[in-house]
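What follows draws every value from the coordinates through simple rules; no lab data is involved. These figures come from a predicted structure and were not determined experimentally. All Cβ positions, glycine included, derive from the backbone under ideal geometry; neighbour counts span all protein chains shown.
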Amino acid sequence: MTVTTPRNLEEDSMLYDLTGVTKRYTQGRRTIDALAGIDLRIGGGEFLVIQGSTGSGKTTLLQMLGALDRPTSGSLVYEGRDVAKLGEGDLAELRSHSYGFVFQSFNLIPTLTAQENVETALVPWHVGGEERRRRAAEALEGVGLEGRARHVPSELSGGEQQRVAIARALVREPKVILADEPTGNLDERTRDDIIGLLEELWRERGQTLIVVTHDTWVAGRASRRIWLDAGRLEAPPVDERPGPAASAAPVRELVLQT
Amino acid sequence: MFFTYIYRELRRRHRQALLTALGLAVGVGLVVAVTAYAGGVGDAQDTVLHSLYGVGTDITVSQTQKQSQSGPPQFNMNPGSTSKQGKAFSRDAVRSAPGQQSLSATKVASIKSLDGVAQAVGGLTLTSTHVSGSFAKALSQSSAQPPGSSSSSSSSSSSSSQPAPSASQAPIKVSSFSISGVDVSQTGLGPMSSTELVSGRTFTTSEATTKVAVLDKAYAKQNSYALGDTVTISGAKYTVIGLVTSAAGTSSTSNVYIPLTLAQKMSGNAGKVNQIYVRAASAKDIATVKTEIKTVLPKATVTTAQDLADQVSGSLKSASQLADNLGKWLAIAALVAAFAVASLLTVSAVSRRVREFGTLKALGWKSRRIVGQVLGESVVTGLAGGVIGVIIGVVGAQLIAHFSPVLKATVGQTATAASGPGGAAPPGMQAALGQAAQTVVVHLTAPVSIQLVLLAAGLALLGGILSGAFGGWRASRLRPADALRRVD
Ligand SMILES: Nc1ncnc2c1ncn2[C@@H]1O[C@H](COP(=O)(O)OP(=O)(O)OP(=O)(O)O)[C@@H](O)[C@H]1O
Ligand SMILES: [Mg+2]
């Protein structure tokens, strides 16, 4: 497919190699093919944006890439390991070492402070309490929230909460950051803030950033964009191709979301 | 992190956690209170048996006399000639306690040689009746009348058939008291094992034929006897060397205790006893020993401590039934309900945190760790419930002990039970009781032991673990992808 051409063509830097990945959900007698055969390669250091209409399978694909679930069929090779063949324990291991997640609704633990929320990401690593606290504090500093470390999520603004979530994703310095509509619940200024922060980190650390978004402004900043439609990768719609026609896109999305 | 997380989570849903803990506390508290109460009732029963039966006595053996042979002591009240009319008289009669047939002392030895018998000691229970007064002037020439109203009784527990003065007679004073002949070589077992020395001393082994006596304290007080005084029994003078009460602090079974040899001699029962006290080598042998004795002495009444316990009636018995039936089931029901409520609340708390657990799984937390977290929360709740429960239980037990009325236990019911074949109560008691039942009054306590406290804490902990296991199981079944999709 035309869209799968990675930015970096070197085989060595290839992180993901997906062939014929499908995901089928069964609800009673109804089956839904959320992913209907995806062939995709993602190289290290890419800023990849996944776009598509509601229900097209974006979240499902992101969950496969984040080892939150196994594909129904096909192979999903991450750094030479086929994730489809790993057990629950190995998946958890992989998640804790390689991936950082950022969610649309932040998903912070409501009872824990900002500092403690960041610390939860280090728990699977069994690092000592002191080192854990130090690293979490550093990560919070990195997102500019050192002053709010002792606040619980309900005492923070949406933007601040998402910053905490980013700090939580970054504290382990993962190879890949997976963000599912990270700015979906934020206003425009905060959106610019958060995307700016992610972009900056991506540039500085050379991490791979994979973002699902409906937002054309966010999509415009990516190094590569892919489109999903009914569980398949599609060529970008004519009006979404970079160029003067891009202004029409928001109207279409508004129609789809209501 | 583990404890911080538990603390934060429990603080957030502190109402629910407190409710769970209180539920467990009530269940556990009931268990503590009921167990303490049952323990107290058990102690009370022990006290009763102890005071009636003696410590260390497992079995008593006696032989019931056929009804026809039993009769009131016969006094020769016939003045013989009219010249004696109006003259004063004073007579003593010392007899084997009514209803009892004497056994040869050799039987003691043969019981002692039985398998499983640790010790066997004979005792002789007597009743001394003293009549004094003057011969009636105009009296139908007859012996004393059959049992009627007793004019005087030295102790409430002492009574026997006594000659009743008829209306036409001049005042006649009749008094009686019970005597136990004690084997001085074996004071640990026998008639005196149910007593406690309050002053003076008991017999020494060298006093087999010394005229010394130990008195029931209440009897001594009533008759103004003190240590060192002499008591006249059947015309002989005995020095008072000690005073006793029953183990429960009430009147002991006999009024007077004297060496067995002397008791045998004065009542014409040389080499005879009317009660054998047996101690089994171990508690589990008691039933076997009872059967063995039955073979050696087929006509004898063999009573074990358990037989006696089964006959205890009165408020103590009701209390024990209350503890056994109502209390036990109430505690079990409360505990089961508390466990169920704790499990339900934990499961509901878990299902409200699906997304939270999904997030943690996305961060790479293993299911095991999440289960551990849920379990940890429940265990802390359970422990809190245990502590509150123990407090509730201890306070409850104290309240029961404080407000419960004095309990009464009655052993042996009627004269027919006493003299009928295989009569219920051991004759040693009957002698003391006369033909009435004996009632012992005890104060109920509700002791809370360390083991009970540990049991209670353990139960609450178990409740916590159980509910946590339920909740944890639910949490561990969540697939992270699904959990994260859950909108709540
Ligand atoms: N656990 C599930 N059980 C059944 N069907 C599911 C499940 N998860 C997703 N689906 C279905 O799979 C399809 C793809 O879902 P997915 O969440 O990947 O879409 P999406 O592109 O992320 O949509 P949106 O933009 O609304 O987030 C949808 O039709 C959805 O209803
Ligand atoms: Mg989605």
Sorted by chain and number, the residues with a modelled amide H under 5 Å from that of residue B:89, at a separation of 5 or more or across chains, are B:133, B:134, B:135
Nearest 10, in degrees from 0 to 90: the angle of helix A:88-98 to the longest Cα principal axis of chain A is 80 degrees
Relative to chain A, whose Cα atoms define the longest principal axis, helix A:158-170 and its Cα axis are tilted in degrees, nearest 10, by 90 degrees
1/(1 + (r/R0)^6) with r = Cβ-Cβ of residue B:326 and residue B:291, R0 = 41 Å, i.e. FRET efficiency to nearest 0.05, evaluates to 0.70
Residues of the range B:20-42 with backbone N under 20 Å of the label point set 7 Å from the Cα of residue B:318 along Cα→Cβ are B:34, B:37-42
Expected sort for B:335-342, B:259-266, B:25-32 on mean C-beta neighbours within 10 Å, highest first, is B:25-32, B:259-266, B:335-342
Taking chain A and counting helices only, DSSP H stretches of n ≥ 4 at -39,500 (n - 2.57) each over all residues, the nearest-500 ellipticity at 222 nm comes to -9500 deg cm²/dmol
Given a Förster distance of 56 Å, the FRET efficiency implied by the Cβ-Cβ spacing of residue B:449 and residue B:485, rounded to the nearest 0.05, works out to 0.55
Interchain or sequence-distant (5+) residues whose placed amide H lies within less than 5 Å of the amide H of residue B:100 are B:65
Once both label points are put 7 Å beyond Cα along the C-beta direction, the residue A:54-residue B:198 separation in nm becomes 9.3 nm
Fraction of alpha-carbon pairs in the range A:2-257 farther than 30 Å apart, rounded to whole percent, equals 28 percent
Taking max minus min of the Cα coordinates of the range A:182-232 on each principal axis, largest first, gives extents in Å of 33, 27, 15
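With 10 angstrom as the radius, rank B:62, B:113, B:224 by how many other C-beta atoms surround their C-beta, starting from the fewest. Kindly include the intermediate steps, with their values, before the conclusion.
Values: B:62 31, B:113 10, B:224 7.
Fewest to most other Cβ atoms nearby, the residues stand as B:224, B:113, B:62.
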Taking the alpha-carbon centre of each part, the distance from the range A:20-56 to the range B:265-335 in Å is 82 Å
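In µm²/s, what is D for the range B:278-328 at 37 °C and 0.692 mPa s, where D = kT/(6 pi eta Rh) by Stokes-Einstein and Rh is the Kirkwood radius from Cα pairs?
Details: Rh = 13.0 Å.
Here the translational diffusion coefficient equals 252 µm²/s.
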Cα-only Rg/Rh for the range A:151-244 with Kirkwood Rh rounds to 1.00
Mean per-residue count of partner chain Cβ within 10 Å for B:9-20 equals 1
Applied in sequence order to the range B:30-37, the curve 6.51 cos²θ - 1.76 cosθ + 1.60 (Karplus, θ = phi - 60°) yields integer Hz couplings, x standing for Gly and Pro, of 4, 4, 4, 4, 5, 5, 4, 4
The base-10 log of I(q)/I(0) that the Debye equation returns for the range A:28-114 at q = 0.17 Å⁻¹, one scatterer per C-alpha, is -0.88
Residue B:12 and residue A:127 label points (each 7 Å along its Cα→Cβ direction) are spaced in nm at 2.4 nm
Interchain or sequence-distant (5+) residues whose placed amide H lies within less than 5 Å of the amide H of residue B:244 are B:198, B:215, B:216, B:217
The alpha-carbon pair-distance distribution computed for the range B:311-350, with 10 angstrom bins and whole-percent values, is 27, 29, 20, 15, 8, 2
Violations at 30 Å Cα threshold for listed pairs B:112/B:211; B:217/B:299; B:112/B:221; B:237/B:299; B:173/B:211 -> B:217/B:299; B:112/B:221; B:237/B:299
Given unit charges at Cβ for Lys, Arg (+) and Asp, Glu (-), the dipole magnitude of the range A:2-257 about its Cα centre in debye, nearest 20, is 500 debye
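For a Förster distance of 60 Å, can you work out the FRET efficiency between the beta-carbons of residue B:333 and residue B:104, rounded to the nearest 0.05? List each step's numbers first, then the result.
Working: r = 57 Å, r/R0 = 0.96.
Efficiency for this residue pair is about 0.55.
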